Amino acid sequence: MNKKLIGYLLFFVVLVAAFYFFLFRGTDEWKTKLPVISYVKPFHFTNQDGLVFTDKDMLGKVCVVNYFFTTCKGICPKMNTNMKTIYEAFKDEPDFLIVSHTCNPETDSVPRMKAYADSMQVNTRKWEFLTGRKDSLYQIARSAYLLDDPKNNVQKIEDQFIHTQFFALVDKNGKVRGQIYDGLKQEEINRLIKDAKSLLAEKGGAGNFSNNIFSNNP
């Protein structure tokens, strides 16, 4: 009797496992997903064409985010050369966008950002260059994208300067995913490209956003 009961239990377990396998096979639920590490917060900046760019312009797109400044002679040229490798990999992908923010808005005006974008020879519908208020730019870098230590916000804004080589990866639903990627390391650029491809394959987009996705509560 016990053997018969065990047999029935094993059969039931196999049946349930088979059910879930066929239910989720080929769906995003069946795949190992990149972890969520933060969320985009509301923002309001200006792009290289003098047009308003907000968090809502990222809806439905997989985005790579970084910070730089146009007069940088140190890490920024190499970092944005690596970013252009990412751009070339996805420039024909309609649901992909690169969003580069200045960390030196006092110098990086709209015309200067436009000149820099032109020098990169990229389609600015696929790679946006943003300027704005310094405190807002820095707040988003720290609280949303995790590209700098939030503790630095306690300093006077005029004494602050973000100089970071790190990239953030944002999915179609405004979630910062995967890890913070080192924009100077080729192996991490390759990892970011791979992870971006996996996010592009996920379902989601503007139609699936909830009202609090861009809140302070993960």
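If each residue of separation counts as 0.36 nm, what is the full-extension length gain between residue 193 and residue 93 once their alpha-carbon separation is subtracted?
Additional length available on full extension: 34.7 nm.
Sum up the charges of everything whose Cβ sits under 15 Å from the Cβ of residue 136, counting Lys and Arg as +1 and Asp and Glu as -1, but leave residue 136 out.
On the way: positive: 41, 133, 134, 142; negative: 55, 106, 108, 135, 148, 158.
Charge balance near residue 136 sits at -2.
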Quiz item: For residue 135 and residue 51, what does the FRET efficiency come to when R0 = 25 Å and r is the distance between their Cβ atoms, rounded to the nearest 0.05?
Solution: 0.70
Quiz item: residue 186 to residue 109: extension gain in nm, 0.36 nm per residue of separation minus the Cα-Cα distance?
Solution: 24.7 nm
Exercise. Please give, to one decimal in nm, the separation of the simple spin-label points placed at residue 36 and residue 119, each 7 Å out from Cα toward the Cβ.
Key: 3.9
Practice problem: Pull out the extension gain between residue 163 and residue 203, defined as 0.36 nm times the separation in residues minus the alpha carbon to alpha carbon distance; nm, one decimal. | Solution: 11.0 nm
Quiz item: Cα-Cα pairs above 29 Å in the range 34-203: how many percent?
Solution: 10
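The numbers here are math on the coordinates, done by the rules we state, and not lab data. The shown structure was predicted, so the numbers you read here are calculated from the model rather than taken from an experiment. Ideal geometry is used to build each Cβ from the backbone, glycine not excepted, and the neighbour counts take in all protein chains shown.
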